[in-house]
Amino acid sequence: MPRWSTLFAFQKFKEDFGFQRGTPGPGDLQRTQSQEQLKPVASAGSEAEHAQSDESEEGTWPELDELDEDSWNGSNVPSQTAPPGGPWRIGEFVFFSCFDSGNCLRVDESKSSPGTPSLPKGEESQKEQESLKVQQHEMQEEKERAQGQYEERVDQDEHQQSQQEQSQLEQQDQRDTREQQQKPCQTQADQGQQEAKEATDKLMDAPKLPGPRAKKKQGKSIPRRRAEASAWKPETEGIPVFYFDVRIRADCAGTAFQRSDCQWFYFGMQGHFAAGCKLRFQVFGLSRFKSCKSSSVRAKFLLDGLLPVVRARSHSWNFIAGSSGVRQVEEGPGGLAFTFEHVVQSETDLLFFAMTFPYPLKQVRRHMISTGRRLKEQGNYAHLEHLCNSFGGRPVELLTITGPGGSCGRLPALCLDGDTGKCPRASQRPRHFRARKAVFISSRVHPGETPASFMLKGLLDFLASGCAASKALLQRYVFFILPVLNPDGVELGHHRTDLKGENLNRVYGSANFVDHPSIAVAEAACRAADQHQGGLRLFLDFHAHSVRRGAFLLGDAQSSDAEASAKLFAYALARRSETFEYSQSDFFDAVAGTGKTTAAATGQALCFTVETNYCRGHHSAMPFTPEIWCSLGQACLEALLDVDLAESTIPRHLAPLPPSLVLACERHCTDLQEVSATLRTKDNVSVAGPSRALPYFATVLGPTDDFIPSQYVWRNPELIGKEVEVIDWQPEIPSRPRLCRLHDCDGGVWLQESDLRFTAAQRGCFFYGSLR
């Protein structure tokens, strides 16, 4: 397509989606690159504030009240002037997706559902409605018959019980008569009084004979006596089930830039949802199920662990209360529809459904600003820099944070590689800090990969936690964080591309400010950090993967030293995170146009794409949650500090680590120096027995009918059934059991060799793979 026709088509796309003509776009940027067009929606501070002295506060941070997420009050329907996202009225329900990160093309009432009757629809379903009425009438008659049998059964039980009581009273009378005959004769008066008293007592104790019911309510007999529930008690009324067909909007759908990528859905529905009602959906358009058969291994693999999430009004996100699956369909090129069912847990009038836990654009920016404020309150340095505007007019911002002190002026203006002049900007650059290396972190270049934002959230929360490890990192590094590389795609609910249908993670190294503004400024910021901020120590680009299980790293080691450093970092990360899997990592993943490959060309070893699966890993069948992703982001920084301690890369002029931090990191990095030396050698490792550099792995055995563990296991019962790491053992002595020492992370205790069952556990695969 010629360049002029591409720009014209994109300008029409902007107008169709409700963007104003004054919004910066590719055509506007081609005509002029003035700073007026690149002003942020909410800049980091005015020019007057930027003119303050270097010792003053860094500008004015945006107010959090202005960044609250849009709320759906249920009183109106979204406007049709918004980007395509509904509303669609299906019976008593209203569907919509015109909100931040929403994605839904159309919703229809399902015509069929496997194994269950479909809902009646219009005049065509008149026979089905009549049949349904007949079924309901028959069900009601069956209930009435069951109720009559229930009442008759109660009457029979009461009649039998009354007969037994009467028989017992007659036997008692006979015994009383015999006793009276054996007693001494009494006076006539006394005998008369005694008989009167006994007669009164008998009258009071006599049961009522069975007869007609004393009370009736609404024409139904009510038993006088409460009976226990029985198996033949009538069932309650049927639970309503609703079926819907949901069609997902592909990236840039309806434009000249439309792509087939579509892995993300996020929509809401309004109506009255009674507790217990079932909602069943068929989702069409997911590209992961293209060219699959419902019974194929690939379909089962892609479905394994895939469970959408749901949120009610004023509630947090949770997995659906139901199941998911796939169904073979005729329509569409894929041949499969993703199906899932949700049982409403409590009565509500609003529900949201998504493929996985959403992280909208406004939530990203709100957390970034709140984190910057927390850091500034602790005395640290935080600067929010506006780099440029996206095609849709959304700001692309860079957050710079580090510890207090050590600043000397500001970093120079960004220069675009291959372009003349300086990078257009609307806010000044952050300050420069002597003898501190740079850590560059980016996220959401692919908009639908929401786990990336959760990993970044965990990383930011850790830096703002105020713990000894975070303070040490802030004193050693300057963190440059670009939270959203594709803000247009995030807000419009795209999965992989920007507004022009391009995968921005394939244009690094060739990006220009006109066609790829966010990538061009990201490259310029990363290059400036490497050249002017002491060199680039670590580059992380957070992503999510829909096929490969677990959490893993993709690196591009271009030398043997780079390979050793990359594997050492991965080893340290595996020790810090239970989710990370070394065996899934690839340290030679050279892909042109990706961020990590471009950053690796600077000569730095620690350049990675951090990937995590949407569903789960290999270690456990439990699904991944935001808490797991956040902990993975935190573990990345903890691993960096462990590697620094092992490689002794701490600058000499910095103060030594506090004792509390040394003790906290000791059990994680005491063996890293040995591992580092081993990784940098070409010879095969030859170690007699287990060691920190080459540990053994085993499972601690518990008591059974045929085995009784030693006293060491009884002293540590929490180890039973646990996979442990053995780092040492005593020399073998005849007639004496050998003792094995566990790693510090397993308590550092000694167990008998007979208490362990050695195995090539998954936990040890990463180590053996890196050393051999």
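Of all residues in the range 498-543, those that are touching a strand residue (DSSP E or B) at 6+ places or on another chain (Cβ under 6 Å) and part of a loop (DSSP other than H, G, I, E, B) total 4.
Scanning the range 704-732 for residues that are at pLDDT below 85 and open to solvent by 80 Å² or more (accessible area, probe 1.4 Å) yields PRO731, GLU732. Scanning the range 265-281 for residues that are open to solvent by less than 10 Å² (accessible area, probe 1.4 Å) and out of contact with any Leu (no Cβ under 6 Å at 6 or more places or on another chain) turns up PHE265, PHE267, GLY268, PHE273, CYS277, LEU279, PHE281. Of all residues in the range 356-372, none satisfies being in a strand (DSSP E or B) and either farther than 21 Å from GLU491 by Cβ or of a type in the set (A, V, I, L, M) (or both).
Checking each residue in the range 565-620 for being among the polar types (S, T, N, Q), assigned to a loop (DSSP other than H, G, I, E, B) and open to solvent by less than 30 Å² (accessible area, probe 1.4 Å) picks out SER577, THR579, SER585, THR594. Note on the range 314-340: among residues that are at pLDDT 90 or above and among the β-branched types (Val, Ile, Thr), the one that is nearest to ALA354 (Cα to Cα) is ILE320. Within the range 498-520, the set of residues being buried (at least 24 other Cβ atoms within 10 Å of the Cβ) and β-branched (Val, Ile, Thr) comprises ILE519 only. Residue count for the range 597-634, restricted to those that are among the hydrophobic types (A, V, I, L, M, F, W, C), farther than 20 Å from PHE539 by Cβ and touching a residue at least 24 places away in the same chain (Cβ under 8 Å): 5. Across the range 373-404, the qualifying residues are those that are open to solvent by less than 50 Å² (accessible area, probe 1.4 Å) and assigned to a loop (DSSP other than H, G, I, E, B), and the one among them that is farthest from TYR508 (Cα to Cα) is GLY379.
Among residues of the range 704-720 that are of a type in the set (Lys, Arg), those with a beta-carbon under 8 Å from a residue that is open to solvent by less than 70 Å² (accessible area, probe 1.4 Å) at least six positions away or on a different chain give the pairs ARG715/VAL749.
The values are calculated or read from the model by the stated rules, or taken from the named source; none is laboratory data. Fair warning: this is a prediction, and the values are worked out from it, not measured in the lab. Counting neighbours? That spans all protein chains shown, and the Cβs are built from the backbone with ideal geometry, glycine included. Accessible surface areas use protein heavy atoms only, side chains included; no ligands, DNA or RNA. Shrake-Rupley method; radii C 1.70, N 1.55, O 1.52, S 1.80 Å.
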